[in-house]
1. What residues qualify as long-range amide H neighbours of Q96, i.e. H under 5 Å apart, gap of 5 or more or another chain, H built at 1.01 Å from N?
2. Taking 7 Å along the Cα-to-C-beta vector as the label spot, tell me the D80-A57 distance in nanometres, rounded to one decimal.
3. Viscosity 1.567 mPa s, temperature 4 °C: Stokes-Einstein D of the range 13-68 from its Kirkwood Cα radius, in µm² per second?
4. Near the amide H of G40, under 5 Å away, which other amide H atoms are found, from residues 5 or more places off or on another chain, if H is placed in the peptide plane?
Amino acid sequence: MNISDVALFLPIFSLPLFVLAVRQRYQTSELLRIGVQTTGTVVEIDKNPEGNTPIVAFPLPNGEEQRVRVSVVLGEERWDLGTVWPVRYDPRNPAQAIIDRPAQLFGQTKFFLLAGITSFGVLAVIGY
């Protein structure tokens, strides 16, 4: 692979990851700015081949229950049935909700950013 090939692949692989990181960070910032805080309870564990995914239910002001699927599961956090977690949701669209903890709020942003940096670095090294 020559340098001109790498120059072509750097933006193709890295730029979308950086864009996803910025988009995710913006969405999280908006939710932190306008979101309503409440508490939710783990009511279900969705067991699938990729791993167990906790489902957290939380009450809305109108008495309805909304559910959110946990996006980032870290080993040190307890996701047993009945565990209570802080939740933040968009009052205009309660389905837009997230567990109000650093790993949940910023985990995807960090993943996309790290993947973008890694792909950029690997392709830059291959090109030289």
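1. Hits under the 5 Å cutoff: D90.
2. 2.0 nm
3. Numbers: Rh = 14.0 Å.
Translational diffusion coefficient: 93 µm²/s.
4. W85, V87
Every number here is computed from the coordinates shown, using simple stated rules; none is lab data. Because the structure is predicted, anything quoted here is derived from the model rather than measured. Cβ atoms come from the backbone with ideal geometry, glycine included; neighbour counts cover every protein chain shown.
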